[in-house]
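Encoded as C-alpha cells, the structure appears first; notes follow it.
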Amino acid sequence: MKNLIKKILKEYKEEEKILVVPSLKYFGDDWNALQLFLKSKGNPKWKLLDDLYLYGKPIESLENLQSVGGYLNLSNTPIESLGNLQSVGGYLNLDETSIESLGNLQSVGGNLFLRNTQIESLGNLISVGGELDLENTPLKSLDNLQSVGGYFFLNDTSIESLGNLQYVGGDLDLENTTIKSLENLQSVGGNLYLSDSPIESLGNLQHVGGDLNLYGTSIKSLGNLQSVGEDLYLRNTPISEKYTEEEIRQMVNVKGHIFM
C-alpha cells in the first residue's frame, strides 16, 4: 500500500497537479478511506482510471473528481452535484437521484441514465457514446449536446429545441413533444419518430437510416432531406396533399415504402 501511495503522489506531481488513482480497490473499495487520503493531500484535483460503483451510498458531491475511466454508478444516492467531473469513459447512471444539472460534464462514453430525476439542464455535455433516455424528465434544453451514439428518447418531455444536436446513431423519439424544428440535426442512424408533434421544419436533416414517421404533423417541406433507409410515413400531412409519391421519390431517395 505504501508503495502504491508513493506512486500515486509521484504521478500527481507529473500530471499537472491532477492526482491519478488507479482503482478504488487499492483503498479496500472504501470510498471514505479514499476521501480521507485525498483530504490529507489538500483535496487536490484527481481522476480515477477504473470503474466507480457507489450505488445507494450517502454521496452528495464528487467535489474535485475530474474523470472516471470506466463506468460511474450513482443511482439511488443523494448526489446533488457532479462537482468538477468532466468525463466518464463508460456508462453514467444517475437514476433515482436529485440531480438537476450535469454541471461541467462534457462527455460520457457509454449510456447515460437519467430516469426519474429532476434534470433541467445538460450543462456542458457535448457527447454521449451510447443511449440517452430523458423520457418524463423536466428537461427544457439540450444546451451544448452535439451527438448521441445510441437511442435518444425525448418523448413526453417539454423540450422545445434540439439546439446544437447534429447526430443520433440510433432511434430518435420526439413523439408528444413541443418540438417545431430539428435545427442543426443532420443525421439519424435509426428511426425518427415525429408523429403528432407540432414539427414545422426538418431543418438541416439529410439522412435517416430507418423509418421517418411524420404522421399527423403540419410539415410542408422535406427541406434538405436526401435519403430514408426504410419507410416514409406522410399520412395526414400537407406534403401528402401537395406531392405525389413519384414526385417525393424524385426529391428523396426512399428505399422502403411511402405511406400517403
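Key figures
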{"item": "Relative contact order (percent, whole number), the chain, Cα cutoff 8 Å, 6+ residue spacing", "result": "8 percent"}
{"item": "Cα long-axis angle, helix 31-40 against the chain (0 to 90 degrees, to the nearest 10)", "result": "60 degrees"}
{"item": "Label-point separation, residue 49 to residue 95 (7 Å along Cα→Cβ), nm", "result": "3.1 nm"}
{"item": "Formal net charge of residues neighbouring residue 102 (Cβ-Cβ distance under 15 Å; K, R +1; D, E -1)", "result": "-4"}
{"item": "Signed unit charges on C-beta, dipole axis of segment 81-222, positive-most listed residue 155, 97, 191", "result": "191"}
{"item": "Summed side-chain charge close to residue 195 - residues other than residue 195 whose Cβ falls under 12 Å, Lys, Arg +1, Asp, Glu -1", "result": "-3"}
{"item": "Relative contact order, percent, segment 153-259 [alpha-carbon distance under 8 Å, six or more residues apart]", "result": "19 percent"}
{"item": "Rounded to 10°, Cα long-axis angle of helix 2-14 versus longest principal axis of the chain", "result": "60 degrees"}
{"item": "Accessible solvent surface per residue of segment 144-215, calculated while the other protein chains remain in place, 1.4 angstrom probe, Å²", "result": "36 Å²"}
{"item": "Value at 222 nm in deg cm²/dmol, rounded to 500, when DSSP H runs of n ≥ 4 in the chain each add -39,500 (n - 2.57)", "result": "-4000 deg cm²/dmol"}
{"item": "FRET E, pair residue 231, residue 200, Förster distance 30 Å, beta-carbon r, rounded to 0.05", "result": "0.85"}
{"item": "Environment charge at residue 130 (Cβ cut-off 15 Å; Lys +1, Arg +1, Asp -1, Glu -1)", "result": "-3"}
{"item": "Inter-probe distance in nm under a simple model that places probes 7 Å from Cα toward Cβ, at residue 166 and residue 215", "result": "3.3 nm"}
{"item": "Answer label, with semi-axes √(5λ) of the Cα gyration tensor in Å calculated from the coordinates and candidates (1) 26, 25, 20; (2) 35, 20, 17; (3) 45, 17, 13", "result": "(3)"}
{"item": "Protein accessible area in the chain, 1.4 Å probe - carbon and sulfur %", "result": "41 percent"}
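The values are calculated or read from the model by the stated rules, or taken from the named source; none is laboratory data. Everything numeric here is computed off the predicted structure, so don't read it as measured data. All Cβ positions, glycine included, derive from the backbone under ideal geometry; neighbour counts span all protein chains shown. What goes into the accessible areas is simple: the full protein's heavy atoms, side chains included, and nothing from ligands, DNA or RNA. Shrake-Rupley method; radii C 1.70, N 1.55, O 1.52, S 1.80 Å.
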